[in-house]
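Right, one structure below, let's go through it.
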Amino acid sequence: MEPFDDEVKVTSQEQRILELMAAGKTCAQMSEDMGLTLQTIKWYRMRLRAKFHAATSSELIHKAGAHGLL
């Protein structure tokens with residue numbers, strides 16, 4: 001696992017995506033819950049993985065938790 005920046009900032013939308021991911025929601029469920037397109041949800045997930053240097057969603061959730069975001 002790559003080290004990550006202690007100063008990772010997330011937007012309120014990204015925070016909500018992280019919370020829904022941690023709750024086990026699928027992209028389709030997140031799209032419906034948030035009123036965003038499926039493509040937008042997938043874009044947010046991609047951006048979050050890049051911000052946290054995470055290869056997988058599981059790694060992303062782990063690193064977000066380590067940052068105290070979950």
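Brief remarks on what is shown
- In summary, the lysines within cross-link reach of Lys9, defined as a Cα separation below 21 angstrom excluding same-chain residues under 8 places away, comprise Lys42, Lys51, Lys63.
- Loop trypsin sites (Lys or Arg not before Pro), the chain (other Cβ atoms within 10 Å of the site Cβ: 16 or fewer; DSSP): Lys9
- Unit charges at the beta carbon, dipole of the chain: most positive-side option, Gly65, His53, Met34: Met34
- Degrees between helix 57-66 axis and first principal axis of the chain (Cα, 0 to 90, nearest 10): 60 degrees
- Modelled FRET efficiency - R0 22 Å, Leu38 with Ala66, Cβ distances, 0.05 increments: 0.20
Rule-based calculations on the coordinates, nothing more; no lab input. Treat the numbers as computed from the prediction; the structure is a model and nothing was measured. Positions of Cβ are backbone-derived with ideal geometry, glycine not excepted, and every protein chain shown enters the neighbour counts.
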